[in-house]
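Trainee: Sharing a structure, written as structure tokens. Questions coming.
Derivation of every value follows stated rules applied to the coordinates shown; laboratory data play no part. Here the structure is a predicted model, which means the values were calculated and not measured. Positions of Cβ are backbone-derived with ideal geometry, glycine not excepted, and every protein chain shown enters the neighbour counts.
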Amino acid sequence: MIEREDILGKTFNDIRQITETLKLPGYTALQLTDWIYKKGAQSFDQMSNLSKDSRKLLNELFFIGIQKPSGVQISSDGTRKYLFPVKEGRYVETVYIPETGRSTLCLSSQVGCKMDCVFCMTGKQGFQGNLSSGEIINQVISLPELAELTNYVFMGMGEPLANTGNVLKSIEILTADYAYGISPSRITVSTVGLIPGLEQMILNSRCHLAISLHSPFGEERLSLMPVERLYPVNRVVEFLKKSSPGKQRRISFEYIMFAGINDTARHVNGLARLLNGLRCRINLIRYHPIPGVALTSSDDETIEWFRERLNQKGILTTVRASRGQDIFAACGMLSTHHQVITGPVKE
């Protein structure tokens, strides 16, 4: 018996190879991508410009692969956290953030995460698997607010550059004319600094990059992020300086502010030395407390002082607004380790 597979998440070239193998007409690949990505077809039977025999054959071999969210939580600030089913009965969380003039979707790329950053609930969950390109795209196509989206950030569950192939494939689909046609400048990929994945991103996409930094000093960063042992931050920064990412690609550094740990004048000066010569910006982020971790966030006065000092050093620095903290949707708070479906999703 032939096991059917999902067609969602396949690129135009993937689908063309399928149609050629099945000896379908040459234009069928373009018809399929149009129906799946532009029209959001839920079944092959909806594809009225395909022959009856073509639809029957595709039904025998493939699912479309669309999975609606199974739960939603709504924050007091309007942020929505959706629960999406993925392989083997597992789930990922996806966050929709509406703002004045823009709406951002925070996408997950893995179930759990291997990076084990001290301050992150997803890391505490451990790693249960990579998402396929289809499971990544499903978070977009199945979102009730799809029509409102303006920006896409790979900052949800998982380390995107530990799943580079599927992330790049999903980015191709998001940006390609045959699918969504989104400008790469509307997409940001966040990473702890996996250099092989960074190299692939720079070679194969024009999306913005955000690097999790959190300290300019190696030993201190290692106490927060085990990846520092394998990819020290100074090596990551040197790689970015040498790779010439280009003026059209924004490089930013994410910096969570921990009281008494990384929020001093010494750290301002360390950041200025580390990033000297690299065209970039810094996003300061309040730490959002998670169970079992004895860290606290720097207060607002310290964060503002830190921002001003970095700007005086010539590094464009902003403070990211905290969104969805009351539903555990803010930075570092996503986890499906003990998942409860908390509310129905309205179509």
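Trainee: Alpha carbon centre of region 268-317 versus region 89-121: separation in Å?
Mentor: Rounded to whole Å, the Cα centres lie 22 Å apart.
Trainee: So, one more: Can you figure out the FRET efficiency of residue 46 with residue 150, using R₀ = 41 Å and their beta-carbon distance, to the nearest 0.05?
Mentor: For residue 46 and residue 150, the calculated efficiency is 0.90.
Trainee: Indicate, rounded to the nearest 5 percent, the antiparallel portion of the DSSP beta bridges found entirely in the chain. Don't skip to the answer; put the middle values down first.
Mentor: On the way: 19 of 45 bridges.
Antiparallel bridges make up about 40 percent of those DSSP assigns within the chain.
Trainee: At 222 nm, what value in deg cm²/dmol follows for the chain if DSSP H runs of at least 4 each add -39500 (n - 2.57) and the sum is divided by all its residues, to the nearest 500? Present the calculation step by step, with values, prior to reporting the outcome.
Mentor: Working: 11 runs with 104 residues, N = 347.
One gets -8500 deg cm²/dmol as the mean residue ellipticity at 222 nm.
Trainee: Counting only DSSP beta bridges with both residues in region 79-234, tell me the antiparallel percent, nearest 5.
Mentor: 60 percent
Trainee: If you count, for each residue, the other Cβ atoms within 10 Å and average over each peptide, how do 287-294, 133-140, 166-173, 305-312 line up from highest to lowest?
Mentor: In descending order of packing, they fall as 133-140, 166-173, 305-312, 287-294.
Trainee: Full-extension gain between residue 278 and residue 200, please, as 0.36 nm times their residue separation minus the C-alpha to C-alpha distance. Numbers along the way, then the final one.
Mentor: On the way: separation 78, 0.36 × 78 = 28.08 nm, distance 1.94 nm.
Working it through step by step, the gained length comes to 26.1 nm.
Trainee: Expressed as cubic angstrom per residue, what is the convex hull volume of the alpha carbon set of region 93-165? Don't skip to the answer; put the middle values down first.
Mentor: Numbers: hull volume 6.6 nm³, N = 73.
Taking only Cα atoms, region 93-165 has a hull volume of 90 Å³ per residue.
Trainee: For residue 312 and residue 21 in one chain, what is 0.36 nm times their gap in residues minus the Cα-Cα distance, to one decimal in nm? Could you put the intermediate results ahead of the total?
Mentor: Numbers: separation 291, 0.36 × 291 = 104.76 nm, distance 6.05 nm.
That pair, residue 312 and residue 21, stretches by 98.7 nm at full extension.
Trainee: Now for a different question. Name the cysteines of the chain that stand alone by the Cβ rule: no other cysteine Cβ under 4.7 angstrom.
Mentor: Flagged as lacking a Cys partner: 106, 113, 207, 280, 331.
Trainee: How compact is region 1-154 by the rule of thumb for globular proteins, expressed as Cα Rg over 2.2 N^0.38 Å?
Mentor: Taking the Cα Rg and dividing by 2.2 N^0.38 Å, one obtains 1.18.
Trainee: What is region 5-63 by shape, rounded, prolate or oblate, if you read a ≥ b ≥ c off the alpha carbon gyration tensor as root eigenvalues and call it rounded for a/c under 1.5, prolate for a/b larger than b/c, and oblate otherwise?
Mentor: Rounded, because the longest to shortest axis ratio a/c is under 1.5.
Trainee: Express in nm, to one decimal, how much length is gained between residue 295 and residue 239 on full extension, taking 0.36 nm for each residue of separation and deducting their alpha carbon distance.
Mentor: Stretched fully, the residue 295-residue 239 segment lengthens by 17.1 nm.
Trainee: Quote the relative contact order of the chain in percent (integer), defining contacts as alpha-carbon pairs under 8 Å separated by 6+ residues.
Mentor: Relative contact order of the chain: 17 percent.
Trainee: For an R0 of 45 angstrom, estimate the FRET efficiency from the Cβ-Cβ distance between residue 114 and residue 53 and round to the nearest 0.05. Can you show the working numbers first?
Mentor: Numbers: r = 46 Å, r/R0 = 1.01.
The calculated FRET efficiency here is 0.50.
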